[in-house]
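Notes follow once the structure below has been shown.
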Amino acid sequence: MGPAARKDGGLILHIIVAVYTFLGLAIVCDDYFVSSLDRICEELKLSPDVAGATFMAAGSSAPELATVVIGVFFAKDDIGVSGVIGSAVFNIMFVISVCALCAGATLHLNWYPMVRDCIFYSLAILMMLVSIYNESITWIESFTMLVMYGAYCVVLHYNARLERWAQTLPVPCRVQAPEEESALVSYRHLEEDRSRRPSYTSPQQSMDKQQLSFSTTNQGQSPIQQEYSTDMEKGPTPQQQELQQPTGGPPPVPPPPAAIPPTTDYYKPKDYNVPDVSPLVMPTDAGMWEKISWGVTLPIHAFCRATMPDCRKEKWRHWYPFTFLVSMVWISFYSYIMVWMITIIGSTLGIPDTVMGLTFMAAGVSVPDALSSLAVVKEGYGDMAVSNAVGSNVFDILICLGLPWFMQTAIINPGSTVNVYSKGLTYSTLSLLSTVVFLVVTTHLNGWKLDKKYGVILM
């Protein structure tokens, strides 16, 4: 379709196709990608924040990778780079804001995962700033970005050990949630976890109850029993006195009995309630709008059913690696079409590629991040949603930019450079550092809580 035809109304068709690709991304992410990600994290026994910063971040960043590949190898423009920068702002502010507004409860965040991811994110921003400042990318700069992501993965591998060490540091952001509240919002299986956890009665209250019990029941006891009761009334033992020592944090919780299995601290996916009716069957008792929606989404569901097993169902639950890979292919496909349409729309309206990438493109490629973060935050995993938003930005800069740049400068055309045409991207990159500072400061001032006030501020 030529420029004249697009200006005479053909642009509407491109807008419709772009919106349809948004819909395809939503269905693939919601029904296939997030469920396969759940199974992967369960099998690897990853903690929620590590799962969000690795597999969820990598999978939901497939659109960004596709846009950069298109920009580097085909379009030869800056729409991929500007899309990554714009989606970084979108993830930090909009995605976390939507999660806070739609969580349904106040979620308490652990300071360590956010600080960890923000440190690496800041280093990635500085590395990208150095790389694009002279408007050309060399293979050494792109290779350094890949090495930095390798270091990030090493830190995540030793995450549990590093977190235990970090919790001993006298940092000002060590805000602990009340035990009763954190027990309600940190786990999905609330009743199960509460039954596994010991009582949150403080040691002093527990001793008072024991003394009261022995003082009221030692009448009529044998001399040995009375002697035992007298010893209990003398006061707590040295071990009990150690439990009563103030530590500056919440009162220590005694360990559970050996017969009760300890509570797991890794991500456990929800039990999906998959409807028996296939999405390929038209609903007969639905209204006209539901039937129209079914007809519009039928091709998307048909292609998904033909290429991916639904690992939410019991018989397909072990097919999660295949579903994960194919869902990333579909995400990349829809992203390719979306980038194509948005590029044509911007060209027809006379909007520069950089502006389109920082705005419309950024919102489009961040759809998987928003959907996957929203899915886990509704289950009570606030740290996982935030780690996905920040960790996907680390993946976007170091892998989605570094990998195509390295392939172009070191493998396809050794010794060549990738040109960055817009000087304005340097100032846009600097603005990313301000979003990191704003996120951490706002979270700390809000008491490390994910609530509606926090969501409104970020929005």
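Taking the dipole about the Cα centre of the stretch 1-76, with the C-beta of Lys and Arg at +1 and of Asp and Glu at -1, give me whichever of A57, I16, S36 is farthest to the positive side.
Looking along the dipole axis, the top candidate is I16.
Place a +1 charge on the Cβ of each Lys and Arg in the stretch 34-76 and a -1 charge on the Cβ of each Asp and Glu, then give the dipole magnitude about the Cα centre in debye, rounded to the nearest 20.
Dipole about the Cα centre, nearest 20: 200 debye.
Kindly provide the chymotrypsin sites (Phe, Trp or Tyr not before Pro) of the stretch 350-452 that DSSP labels as loop, not H, G, I, E or B, and whose Cβ sees at most 14 other Cβ atoms within 10 Å.
Answer in residue order: Y421.
Give me log10 I(q)/I(0) at q = 0.11, 0.12, 0.13 Å⁻¹ for the stretch 29-137, Debye formula, one equal scatterer per alpha-carbon, no solvent.
-0.47, -0.56, -0.65
In this model, which of K7/K452; K45/K378; K291/K315 are farther than 31 Å apart at the alpha-carbon?
Pairs exceeding the cut-off: K7/K452.
Tally Lys/Arg at +1 and Asp/Glu at -1 over every other residue whose Cβ is under 13 Å from the Cβ of L156; what's the total?
-1
Using amide H atoms built in the peptide plane, which far-off residues or other-chain residues are under 5 Å from L450 H to H?
Close amide H contacts, sequence-distant or interchain: L107, H108, L109.
Gap in Å between the Cα centre of the stretch 349-395 and the Cα centre of the stretch 131-165?
Distance between centres, Cα-based: 20 Å.
Just to confirm my numbers, what's the Cα centroid distance between the stretch 321-338 and the stretch 35-78 in Å?
Comparing the Cα centres of the stretch 321-338 and the stretch 35-78, I get a distance of 10 Å.
For the stretch 343-429, report the % of Cα-Cα distances exceeding 23 Å.
Of the Cα pairs, 43 percent sit more than 23 Å apart.
Using a simple spin-label model with points 7 Å from Cα along the Cα→Cβ vector, what separation in nm is obtained for D30 and L298?
About 1.9 nm, to one decimal.
S136's amide H: which non-local residues (gap 5+, or another chain) put their own amide H closer than 5 Å, with H modeled 1.01 Å from N in plane and none for Pro or chain starts?
When sequence neighbours closer than 5 places are left aside, the close amide H contacts are V420.
How large is ³J(HN,Hα) for each residue in the stretch 278-283, as worked out from phi by the Karplus curve 6.51 cos²θ - 1.76 cosθ + 1.60 (θ = phi - 60°), to whole Hz, x for Gly and Pro?
So the Karplus estimates, Gly and Pro as x, are 5, x, 7, 9, 5, x Hz.
Given a Förster radius of 30 Å and the C-beta distance between I15 and L325 as r, what FRET efficiency does 1/(1 + (r/R0)^6) yield to the nearest 0.05?
0.45
Since every read-out is calculated from the coordinates, none of them should be taken as a lab result. Just so we're clear, the structure is a prediction, and the values are computed from it rather than from any experiment. No Cβ is skipped: glycine too gets one built from the backbone with ideal geometry, and neighbour counts run over all protein chains shown.
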